[in-house]
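Laboratory data are not the source of any read-out in this text; all were calculated from the coordinates shown. Being a predicted model, the structure only gives us computed values, none of them experimental. So basically every Cβ, Gly included, is an ideal-geometry build from the backbone, and we count neighbours across all protein chains shown.
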Amino acid sequence: MSTVDLTKAAAIVGIHEHVTRYAPDKSELQIQGESVIKAVEDAGLTKDDVDGLLTAGNIRNSGLNLADYLNMYPKMVDNTTVGGGSFEFHLSHALNAIAAGRINCAVITYSSLARSGGISVGTGGVARFGHPRLDPSPDSFEELYGLTTVGLYAMIAQRHMHLYGTTSEQLAEVAVAMRKHASMNPEALFRDPITVQDVVNSRIISTPLHLPDCCVITDGGGAVVVASAEMARNCRHDPVWVLGAGEAVAHQGAGKRDLQFIAAKQSHEPAFAMAGVTQDDIDMAMIYDSFTITVLETLEDLGFCKKGEGGDFVSGGRLQVGGELPINTDGGGLSSNHPGMRGIFLLLEATRQLRGQFEGTPRQVPDCQVALCHGTGGALGSRHSGGTVILGKD
Amino acid sequence: MPEWKKPLPTISGETKPFWDACRQGNLLIQRCGSCQEYQFYPRGICANCWCEDIQWVTASGRGTVWTFTETRQNRTPGFEEEIPYVLALVELEEGVKMFTNIIECDPKEVKIGMAVEVTFVQANQQVSIPYFKPAA
Ligand SMILES: [Zn+2]
């Protein structure tokens, strides 16, 4: 198989995060529209420069309806919806289309009104009683048993504890680190510091996961503008290059997969190979934190530590700014925002860090050259997606 | 028979033999006539070798708890009333895992590796649903 070198074929040139955490008076299309306009402006580009449109969500805010709303005629539309990590897949797809010369510039966008819509993202149960689970059952062999999204992650946490001796206190370390980062983010939903004891003494939602082991529910949205190398050189900010990308899914494997290994195990190798870097080169990472266990499993399966050693790895402040591998410096889904599919915010914060946007404040990761984003969508216990992208400065 | 508030399966041509057997108290899984691999959930093709030579076989109904969670929050009607209940993945002797609830057991007693066996609960005249309970 001959391959095209995709490294640095495209760059993130514009970003915008809709800072709302609660927007009952707006439509999802409006949040996307406002985000797209501001992200294109951030890039120093105009509407006419954009010829690709990528989004994930429901039929109402799909690429077709969004192109109509924005009155644009993209040459490429991509509605890939594989749960929260969809936007890492989108960046990978935009890279392909740009490298192939099909388009010059794409915008990736997302919005959700999960909070003002009163949607129980994690514990609402199954499709026929309202909001669908993020990974609806393909048949009738699951929903009979009262699956919840939290439960499907909790089962994986339970197994991790059984096999490796991982503790609730270790999982809590992830929540504590995210809250510390949220305290530095004025837009974050929860900003008051918490301790490991606060987490383990709080209400259990689904054993062994406590309430603070679970992400928050907010409204929100954002947009990312991706451009060809040539266009990127002429944009307002220094390019944030796409160095590597990898995509994967994981599922029950007809009843035989060892679910303790998540999709990150498959998606990270092509991403690192394309980027030509190793785990040691990563200065900061944005790790999808739907639940604390998601972070722990993802770090293991991305190869930052050995399988089973995640509990030790996340402890002792390693994940905090100033630690060996700062992650989710915006406060993550656990403390900042989680409108149902959080993957776009991973790209936004990694770009801010690589731009050095927080220089002179505690939120900035010092000398940040290479960042990794890994989006997980769906549920670890049933089926999920994993998209790894590696970003870097010139 | 009290009204069944929880979801009921959608029975299709692909899965009808499974649900017919449940009414008789048998747990069916599938085995490929070509590659001999077992699979679950039931489907119209072999997911392993991509042939269509799928055969139904009666499982022993015995297995172990691969993992589980005691659910303390679920607002879905039918489940809300049963909180706390145990959602589990059971690994059958034949080597395939299936979602289930562990019933007839204090949730505090459920452990990974615990031996369990299938039991059926009649939801209505047409449907009986397989659950698992501690092995006798
Ligand atoms: Zn076969």
Give the calculated FRET efficiency between B:Ile103 and A:Ile59 to the nearest 0.05, with a Förster radius of 56 Å applied to their Cβ-Cβ distance.
0.90
In whole Hz and in residue order, list the ³J(HN,Hα) couplings for the range A:18-32 that follow from phi through the Karplus curve 6.51 cos²θ - 1.76 cosθ + 1.60, θ = phi - 60°; x for Gly and Pro.
6, 6, 4, 10, 7, 9, x, 8, 10, 8, 4, 5, 5, 4, 5
Can you tell me the order of B:72-80, A:84-92 when each peptide is scored by its average per-residue count of other Cβ atoms within 10 angstrom, highest first?
A:84-92, B:72-80
HN-Hα J couplings of the range A:272-286 from phi, Karplus 6.51/-1.76/1.60, θ = phi - 60°, integer Hz, Gly and Pro as x?
5, 4, 5, 6, x, 10, 10, 4, 5, 7, 7, 7, 7, 9, 10
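Give the average, rounded to an integer, of partner chain Cβ atoms located within 10 angstrom of each Cβ in B:60-72. Intermediate values should be presented prior to the final figure.
On the way: counts 0, 0, 0, 0, 0, 3, 7, 13, 7, 19, 7, 13, 10.
If you average over the peptide's residues, the count of other-chain Cβ atoms is 6.
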Output ³J(HN,Hα) for the range A:342-350: one whole-Hz value per residue in order, computed from phi by the Karplus curve 6.51 cos²θ - 1.76 cosθ + 1.60 with θ = phi - 60°, and x for Gly and Pro.
9, x, 5, 5, 5, 5, 5, 6, 4
Report, in deg cm²/dmol and to the nearest 500, the calculated mean residue ellipticity at 222 nm for chain B, where each DSSP H run with n ≥ 4 adds -39500 (n - 2.57) and the sum is divided by the residue count.
-1500 deg cm²/dmol
Long pairs among A:Lys306/B:Lys133; A:Lys8/A:Lys306; A:Lys26/A:Lys393; A:Lys306/B:Lys111; A:Lys180/B:Lys111, criterion Cα-Cα beyond 27 Å:
A:Lys306/B:Lys133; A:Lys8/A:Lys306; A:Lys26/A:Lys393; A:Lys180/B:Lys111
How long, wide and thick is the range A:31-95, going by the Cα atoms along their three principal axes, in whole angstroms, largest first?
30, 24, 22
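How much length is gained if the chain between A:Asp5 and A:Ile37 is pulled fully straight, taking 0.36 nm per residue apart and subtracting their Cα-Cα distance, in nm to one decimal?
Details: separation 32, 0.36 × 32 = 11.52 nm, distance 3.09 nm.
So the extension gain works out to 8.4 nm.
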Pick out, from A:Leu372, A:Met286, B:Asn74, the residue whose Cα sits farthest towards the positive end of the charge dipole of the protein assembly as shown, with +1 on the Cβ of Lys and Arg and -1 on the Cβ of Asp and Glu.
B:Asn74
Once amide H atoms are placed 1.01 Å from N in the peptide plane, what residues at a sequence separation of 5 or more from A:Met284, or on another chain, have their amide H within under 5 Å of its amide H?
A:Val370, A:Leu372
Radius 10 Å from Cβ of A:Phe89, net charge of other residues (Lys, Arg +1; Asp, Glu -1)
-3
Share of Cα-Cα pairs in the range A:222-310 beyond 23 Å, whole percent, is 37 percent
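Go through B:119-127, A:52-60 and give me the packing order, highest mean Cβ count within 10 Å leading.
Numbers: B:119-127: 14.3, A:52-60: 21.3.
Going by the mean number of other Cβ atoms within 10 Å, highest first, we get A:52-60, B:119-127.
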Per chain B, cysteines lacking a partner by the 4.7 Å Cβ criterion
B:Cys22, B:Cys51, B:Cys105
Just to check, using Stokes-Einstein with a Kirkwood Rh over alpha carbon pairs, what's the diffusion coefficient of the range A:9-69 at 37 °C and 0.692 mPa s in µm²/s?
259 µm²/s
Just to confirm a number: summing +1 for Lys and Arg and -1 for Asp and Glu over residues other than B:Asn124 whose beta-carbon lies under 14 angstrom from that of B:Asn124, what do you get?
+2
Size of charge dipole - the range B:16-134 - debye, nearest 20, with Cβ of Lys, Arg +1 and Asp, Glu -1, no other charges:
100 debye
Which of A:Ala97, A:Ala232, A:Gln32, positive extreme of dipole for chain A (C-beta unit charges):
A:Gln32
Under 5 Å between amide hydrogens, which residues at least 5 positions from A:Ile205 or on another chain qualify, with H placed 1.01 Å from N in the peptide plane?
A:His210, A:Leu211
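Taking 1 over the mean of 1/r across every pair of different Cα atoms in the range B:1-78, what Kirkwood radius in Å do you get?
Kirkwood radius, the range B:1-78: 15.0 Å.
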In peptide A:236-243, how many Cβ atoms from other protein chains are near each Cβ within 10 Å, on average?
0
Counting only DSSP beta bridges fully inside the range B:16-134, the antiparallel percentage to nearest 5 is 95 percent
Where does chain A land at 222 nm, in deg cm²/dmol rounded to the nearest 500, when only DSSP H runs of n ≥ 4 count, each adding -39500 (n - 2.57), divided by all residues?
-9000 deg cm²/dmol
Would you kindly calculate the mean projected area, averaged across all directions, of the convex hull enclosing the Cα atoms of the range B:16-134, in square nanometres?
7.8 nm²
Rg over Rh, two decimals, the protein assembly as shown (C-alpha only, Kirkwood Rh):
0.98
Peptides B:23-34, A:346-357, B:7-18, A:177-188: what's the order by average Cβ count within 10 Å, highest mean first?
A:346-357, A:177-188, B:23-34, B:7-18
Across A:154-165, the residue-averaged tally of Cβ atoms belonging to other chains within 10 Å stands at 4
Charge sum, other residues only, whose C-beta stays under 9 Å from B:Lys133's C-beta, Lys/Arg counted +1 and Asp/Glu -1:
-2
Would you mind telling me the antiparallel percentage of the DSSP bridges in chain A, rounded to 5?
75 percent
The range A:283-338 and the range B:18-68: distance between their alpha carbon centers, rounded to Å
38 Å
Dipole moment magnitude, nearest 20 debye, chain A about Cα centre, only Lys, Arg, Asp, Glu C-beta charged:
540 debye
Obtain the nm distance between the two label points defined at A:Gln279 and B:Ala135 by a simple spin-label model: each point lies 7 Å from its Cα along the Cα-to-C-beta direction.
3.7 nm
Taking amide H positions as placed in the peptide plane 1.01 Å from N, state which residues far from A:Arg115 in sequence (5 or more) or on other chains have amide H under 5 Å from it.
A:Thr218, A:Asp219
